[in-house]
1. Hey, could you check the stretch 76-123 for residues that are within 16 Å of Tyr59 (Cβ to Cβ) and among the small types (Gly, Ala, Ser) and say which is farthest from the chain's Cα centre (by Cα)?
2. Being among the small types (Gly, Ala, Ser) and either exposed (fewer than 14 other Cβ atoms within 10 Å of the Cβ) or closer than 21 Å to Gly109 by Cβ (or both) is the filter here, so list the residues in the stretch 15-39 that pass it.
3. Do we have any residue at all in the stretch 24-36 that's part of a strand (DSSP E or B) and free of Cβ contacts under 8 Å to residues at least 24 places away in the same chain?
4. I'm trying to understand the selection: among the residues of the stretch 87-108, which are in a loop (DSSP other than H, G, I, E, B) and surrounded by 22 or more Cβ atoms within 10 Å (Cβ to Cβ)?
5. Can you say whether Ala23 is modelled with pLDDT of 95 or more, touching a Leu at 6+ places or on another chain (Cβ under 9 Å) and under 16 Å from Leu4 (Cβ atoms), as far as the supplied structure shows?
6. Taking the condition under 21 Å from Arg101 (Cβ atoms) and surrounded by 15 or more Cβ atoms within 10 Å (Cβ to Cβ), does Phe47 pass?
7. Name the pairs: first residue in the stretch 76-96 and among the charged types (D, E, K, R), second residue surrounded by fewer than 16 Cβ atoms within 10 Å (Cβ to Cβ), Cβ to Cβ under 7 Å, at least 6 apart or on different chains?
8. Tell me the residue from Ser71, Ser57, Ser7 that is among the hydroxyl-bearing types (Ser, Thr, Tyr), touching a residue at least 40 places away in the same chain (Cβ under 8 Å) and open to solvent by 40 Å² or more (accessible area, probe 1.4 Å), please.
Amino acid sequence: QVQLVDSGGGLVQAGGSLRLSCAASGRPFSTYDMGWFRQAPGKERDFVAAITYSGRSTYYADSVKGRFTISRDNAKRMAYLQMNSLKPEDTAVYYCAGEPRGSVYNPEGYNYWGQGTQVTVSS
């Protein structure tokens with residue numbers, strides 16, 4: 001089993017930065033891929049970024065490419081999402097997720113989820 005706890009959200013002005021963190025416990029962290037998703041009110045949960053178990057490969061939604069960076073520290077059992085140049089449309093609850101059974105882009109395939117952390121970007 002795996003438990004994920006995400007944190008680091010908050011209120012920030014447009015153009016600002018935040019770093020989200022996801023702490024994992026349970027099975028060895030280096031054995032599964034990780035992803036970040038977000039969900040705005042009334043909308044579906046959307047893919048943001050993903051990283052393979054080794055950290056060698058990363059994937060991004062077009063809307064965040066060049067602004068967000070996903071990373072992981074397997075020794076610390078942590079995943080991160082560095083968010084720069086934030087825009088009001090980035091406002092959402094952000095979730096970390098672990099162990100996708102198929103595509104890293106599909107939220108339906110992830111076995112484990114954090115509880116979510118709110119990110120609000122004011123204009």
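The values are calculated or read from the model by the stated rules, or taken from the named source; none is laboratory data. These numbers come from a predicted model, not from an experiment. Note: ideal-geometry Cβ built from the backbone for every residue, glycine included; neighbour counts use all protein chains shown. SASA here: full protein model, heavy atoms, side chains in, ligands and nucleic acids out. Shrake-Rupley method; radii C 1.70, N 1.55, O 1.52, S 1.80 Å.
1. Restricting to residues being within 16 Å of Tyr59 (Cβ to Cβ) and among the small types (Gly, Ala, Ser), the top hit is Gly102.
2. Within the stretch 15-39, the first condition is being among the small types (Gly, Ala, Ser), and the residues that meet it are 15-17, 21, 23-26, 30, 35.
Residues satisfying the conditions are Gly15, Ser17, Ala24, Ser25, Gly26, Ser30, Gly35.
3. No - not one qualifying residue is present in the stretch 24-36.
4. To start, the set of residues in the stretch 87-108 that are in a loop (DSSP other than H, G, I, E, B) comprises 87, 91, 101-106.
Scanning the stretch 87-108 gives no hits.
5. yes
6. yes
7. Listed by first residue and then by second, the contacts come to Arg77/Ser25; Lys87/Ala14.
8. Details: Ser71 fails: touching a residue at least 40 places away in the same chain (Cβ under 8 Å); Ser57 fails: touching a residue at least 40 places away in the same chain (Cβ under 8 Å).
Just one listed residue meets the conditions, Ser7.
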